[in-house]
Amino acid sequence: MSRTVFRTKNVEQSIRDTEEPEHALKKSLSALDLTVFGVGVIIGTGIFVLTGKVAKENAGPAVSLSFVVAGVVCGLAALCYAEFASTVPVAGSAYTFSYASLGELPAWIIGWDLVLEFALGTAVVAVGWSGYMRSLLDNWGWHLPGYLSGRDGAHGFGFDILAAALILVLTAILVIGMKLSARVTEVVVAIKVAVVLIVIVAGAFFVKGSNYEPFVPESAPAPAASSLKAPLVQLMSGFTPSNFGVMGIFTAASVVFFAFIGFDVVATAAEETRNPQRDMPRGILGSLFVCTALYVAVSIVVTGMQHYSKLSVDAPLADAFKATGHPWYAGAISFGAVIGLTTVCMILLLGQTRVFFAMSRDGLLPRFFSVVHPRFRTPHRPTILLGVLIAIIAGFTSLSELAELVNIGTLFAFIVVALGVIILRRTRPDLPRAFRTPWVPFVPIVSVLATFWLMLNLPAETWLRFAVWMIIGFIVYFMYGRTHSRLAERQQPATTGDRPADGPR
């Protein structure tokens with residue numbers, strides 16, 4: 001059995017599969033489009049919310065250093081993603097990379113993981129967007145009835161009509177085509193970045209040097225959590241992370257890391273890129289660099305505008321301007337948050353549909369979902385199916401407790417991709433690589449260790465939920481995927497010598 005579940009799909013066959021007319025996606029994206037997608041999905045609630053939370057609770061003004069640390073950890077993973085995406089320019093991101101290096105079962109597991117990550121991520125962000133939008137509507141004098149405002153605080157029936165409507169509209173845009181999606185994203189990202197620059201430039205005029213004192217507050221032990229709410233590392237070793245001080249910077253980094261989640265979604269669009277060997281590394285690394293610079297600048301300005309101990313946890317940027325007597329900026333920031341979350345939603349949905357499409361094309365999910373639209377050349381069937389399902393989930397469910405599943409899923413994908421780079425370098429040194437991760441295996445190993453450390457800082461209950469989802473994935477694979485795999489079909493005749501194991505169908 002081990003020979004079948006760890007069978008690999010070579011890179012050449014993966015690329016040949018993308019050329020089949022009924023399964024071929026339209027190539028329309030440039031390096032600029034990819035960078036915009038990356039910036040669009042990374043800049044979201046992290047920059048509008050997490051900055052104040054970690055400054056007040058974990059690191060003080062030194063939160064800017066926490067963003068640098070988190071950016072470095074993500075940069076290590078991004079180098080691995082860039083090599084894979086340029087070498088294997090096929091939809092599916094970490095799923096496809098794993099299939100080429102680790103084998104079919106690991107690929108299925110990471111694909112199953114990404115489906116959960118992107119689905120819950122889309123739903124959670126849509127619910128957050130709905131909250132911001134309701135706030136704006138209230139300011140304009142328009143009030144939605146309680147039963148259409150979501151499950152939180154609802155008595156009896158509750159449906160978040162705004163969250164569901166947003167996902168359905170974005171689904172339609174993604175069905176029509178990637179280039180339209182890219183154009184919409186470019187406009188929205190331009191507005192979002194403009195709002196962030198307003199915060200940086202305008203806020204710089206209200207900075208007071210005294211607010212930076214002390215830049216690294218004195219260390220204090222973090223309050224101990226109990227039971228499954230505690231970080232896994234605490235339950236395993238008794239180690240309790242500290243707040244403030246030097247260790248507080250790293251504690252904060254494990255929190256703000258999640259503000260960077262999203263650059264890996266860029267890799268799912270590799271197959272729809274005109275020149276993936278050149279443009280994928282530029283898009284992945286470029287978007288990460290831009291967002292890191294913006295995060296650091298915003299954290300420096302906000303902690304200089306208002307002392308870290310007085311920062312708001314819910315809306316630190318807007319409230320910092322209110323505290324300086326400039327409420328107009330607060331309204332502009334709220335508008336920017338609404339705009340920003342729109343693109344986050346769309347790109348997460350884009351990423352999920354591409355992973356689902358790739359798994360379907362390989363036969364691990366029903367092949368019905370791998371046929372592209374005859375006119376738009378987009379995977380319309382999985383896009384519509386997943387869009388409707390996520391709209392229902394977002395409308396009927398309060399997902400605050402499930403949001404951390406998005407984080408552990410992403411971190412797990414980072415580890416798999418880093419290991420895949422090492423393995424593929426050893427098994428296929430002959431592959432042409434337009435971009436090469438430097439200092440292999442040192443960089444991938446450091447990436448694995450840093451990522452795993454962040455995973456250990458997640459609550460034990462998150463690990464438990466993740467394990468349950470993985471067990472379900474194992475059951476689905478052995479009941480369906482293992483026997484319907486196209487790779488299994490290709491290898492079947494190999495036992496009788498009819499044709500090569502991994503040749504074309």
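Take the Cα coordinates of the range 53-130, assign each an equal point scatterer, and use the Debye formula without solvent to give log10 I(q)/I(0) at q = 0.15, 0.19, 0.23 Å⁻¹. Relative scattering, expressed as log10 I(q)/I(0), comes to -0.78, -0.96, -1.02.
Taking 0.36 nm per residue of sequence separation and removing the Cα-Cα distance, the residue 480/residue 19 pair yields an extension gain of 163.4 nm. Using only the alpha-carbon atoms, how far is helix 104-139 inclined from the longest principal axis of the chain? Give it as 0 to 90 degrees, nearest 10. Here the helix axis deviates by roughly 30 degrees. With helices as the sole contributors, the chain gives -20500 deg cm²/dmol at 222 nm; each DSSP H run of n ≥ 4 counts as -39500 (n - 2.57), and the sum is divided by every residue. The longest part of the chain holding none of the exposed loop chymotrypsin sites (Phe, Trp or Tyr not before Pro), meaning those outside H, G, I, E and B in DSSP with at most 15 other Cβ atoms within 10 Å, is 240-438. As an equivalent ellipsoid, the range 343-492 spans semi-axes of 27, 25, 17 angstrom, where each value is the square root of five times an eigenvalue of the C-alpha gyration tensor, largest first. Compared with the dominant Cα axis of the chain, that is its longest principal axis, helix 380-396 is turned about 40°.
Quote the charge dipole size of the chain about the Cα centre in Debye, to the nearest 20; the model charges only the Cβ of Lys and Arg (+1) and of Asp and Glu (-1).
920 debye
Counted by neighbouring Cβ atoms within 10 Å, the residues 470, 236, 359 run from fewest to most as 236, 470, 359. Please check the chain for the longest run free of GluC sites (Glu not before Pro) that are loop-located per DSSP (anything but H, G, I, E, B) and have at most 11 other Cβ atoms within 10 Å. After excluding every exposed loop site, the longest remaining stretch is 219-505. A dipole drawn for the chain from +1 and -1 charges on Cβ atoms has a positive end, and of 460, 284, 321 the residue lying farthest that way is 284. Over 30 Å apart at the Cα level, from the set 9/229; 53/208; 56/229; 192/322, are 9/229. Size descriptor for the range 229-328, Kirkwood hydrodynamic radius: 16.9 Å (Cα pairs only, one decimal).
If you take the Cα centroid of the range 284-347 and the Cα centroid of the range 67-127, the two points sit 27 Å apart.
Can you give the Kirkwood hydrodynamic radius for the range 308-368, in Å, rounded to one decimal and based on Cα pairs? Answer for the range 308-368: a Kirkwood hydrodynamic radius of 14.6 Å.
Each value in this text was obtained by applying a stated rule to the coordinates, not by laboratory testing. Please read all numbers here as calculations on a predicted model, not as lab measurements. Neighbour counts are summed over all protein chains in view; Cβ atoms, including those assigned to glycine, are modelled from backbone coordinates with ideal geometry.
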